[in-house]
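The structure appears below as structure tokens.
Values quoted throughout were computed directly from the atomic coordinates according to the rules given, and no laboratory measurement underlies them. For clarity, every value in this text was computed on a predicted model and none was experimentally measured. For neighbour counting, all protein chains shown are included, and Cβ atoms are generated from backbone atoms with ideal geometry for every residue, glycine included.
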Amino acid sequence: MIISSDIHPQKKVYYIGALIIQELKQLGTTEFDFFNLYAALKEKENISMNLFSLSLDWLFLLGAIDKKKNKLIVCF
């Protein structure tokens, strides 16, 4: 189950996914590098690489992002 009664929602993929989308909108770019986006998000929120990667996987499954050569692209 994605949504639960957990007292730490900031450690869930849907929350981190929302932060990723917000960061991408602020950057105003359609292509981004995995590590650059992680570094930008890490400055604002203390997240692990695993949680960041899982959140990107979740966004990929939703169709919000896609892969193009060595870059990730925004689909919204």
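Structure summary
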{"read-out": "Calculated log₁₀ intensity ratio I(q)/I(0) where the Debye formula runs over C-alpha points of the chain, q = 0.20 Å⁻¹", "value": "-0.84"}
{"read-out": "Total formal charge among the other residues, if their Cβ is under 14 angstrom from that of LEU59, Lys/Arg +1 and Asp/Glu -1", "value": "0"}
{"read-out": "Unsatisfied cross-links (Cα-Cα over 26 Å) in the set LYS42/LYS68; LYS12/LYS69; LYS44/LYS69", "value": "LYS12/LYS69; LYS44/LYS69"}
{"read-out": "Extension gain from LYS25 to GLU43, taking 0.36 nm per residue of separation minus the Cα-Cα distance", "value": "4.8 nm"}
{"read-out": "Net length gained if the chain between LEU62 and PHE76 were fully extended (0.36 nm per residue, minus Cα distance)", "value": "3.9 nm"}
